[in-house]
Structures are given as structure tokens and as C-alpha cells.
Amino acid sequence: MSEQTKAEIDLGPLPELIGYVLRRAQLVVFQDFFSAFAPFDISPAQFSVLTVIERNPGLTQTQVAAALGIKRTNFVGLLNELEKRVLAERRQVSGDKRSYALYLTPDGAALMRKLRPVLKAHEVRMVAKVGEAGRDQLVALLHDIAEAGDAREPHNGAGIRGAKASRAPRPGSAET
């Protein structure tokens, strides 16, 4: 069997599915992010956590994790790594021995200052692919999808991953 080029491979309905195209676009964005932020050894999740802590010093671990949609167990490991690198710190909340407030360390604040131009350059490269109007439209559409998902999220504490939602068969599935 001869090798087929990417253009010759029939992807069926995939190129028309939001999830498929969104994931492909995410890979491009993340590859650029990882390349740009590699000298600082910062992942997108770490950058998000540092940003929220920088903008909201004193939030609890639970508040930051919830704001970013990160599972508590994953968040603890992420925060442990940031603490080990002396970028963020936990401080016990007075009057609540179980809660910890989060703050950037001086090293964390200095790093965030260094990352601002890196982030700006990364964002400029991404916007160059779709233009300013396209960026605004894309961000608005993605917010619409995210907000619609938030509205459908079960309120039983299980979250989206724990829920077994019924849904219409996907195009191209055995059910269609």
C-alpha cells in the first residue's frame, strides 16, 4: 500500500465538526505558546494560575481552581510545582485552618513582568492568522460555546466529566 498524503486522506465529517477543528486550532496555539514560553519553563495552565493569582491576590486554592475549571487534584500538583519554583505561595487564611490564600512571591511577580511581552508577541502571531476582526469574532463565538456549556453543567457536584449526558448521535457515527 502506498503512502497517502495528508490531502488524500478522507477525514469524513471531521473537518466540519467544531470539536475537531477547535482541537486542531488549539494544538497550533499551544505549540506556539510552548515554543515562546520554553525559556521560562511555563505551561499554559501554570501561566493561567499565575495570572489569576497576580490579578486576585488572596483567593483560595478552591476559588482559583474553580475560576479556571481545573480539578482540585490537578490544581494541587500544579500549585505544588509553582511553590517549588518559588513563584507562588500558600498562606493560611486566618480563622480557617483548612483554607489557604494564594499569592505571588517576588520571583513570581518578576517572572510575570518578563512574560508580558512574550504573551503579547504570542497573541500577535495568533491574531495575524485571522486578523483583528476575526479574532474578535472567534473569541465571541468561543465564549458563546463556553457559556452554553456552563449553563448545561449539572449542579450535583459531578461536573461535566462526571455526568453522562444524553446527546444526539454525531455525524458519521454508527448511529447516523
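Screening Phe37 on (1) at negative phi; (2) without any contact (Cβ under 8 Å) to a residue 40 or more places away in the chain; (3) in a helix (DSSP H, G or I) shows it passes everything except condition (2). Residue-level check: of (1) more than 24 Å from Leu142 (Cα to Cα); (2) in contact (Cβ under 8 Å) with a residue 40 or more places away in the chain; (3) in contact with a helix residue (DSSP H, G or I) (Cβ under 8 Å, 6 or more places away or on another chain), Gly58 misses just (3).
When Gln61, Gln31, Gln46 are screened for being of a type outside the set (Ser, Thr, Tyr) and within 15 Å of Tyr100 (Cβ to Cβ), only Gln61 passes. Taking the listed residues Leu119, Leu141, the one that is surrounded by 11 or more Cβ atoms within 10 Å (Cβ to Cβ) and touching a Phe, Trp or Tyr at 6+ places or on another chain (Cβ under 9 Å) is Leu119, with no other qualifying. Considering the conditions (1) surrounded by 15 or more Cβ atoms within 10 Å (Cβ to Cβ); (2) free of Cβ contacts under 8 Å to residues at least 60 places away in the same chain; (3) assigned to a helix (DSSP H, G or I), Glu89 is excluded by exactly one of them, (3). Cβ-Cβ distances below 8 Å connect the following pairs, each with a first residue in the range 68-85 that is within 26 Å of His143 (Cα to Cα), a second residue that is part of a helix (DSSP H, G or I) and among the hydroxyl-bearing types (Ser, Thr, Tyr), and a separation of six or more residues or different chains: Leu68/Ser48; Arg72/Thr62.
Every number in this text was worked out from the coordinates using simple rules, so none of it is lab data. As the structure is a prediction and not an experimental result, all values here were calculated from the model. Methodologically, a virtual Cβ is constructed for each residue, glycine included, from the backbone with ideal geometry; neighbour enumeration extends over all protein chains shown.
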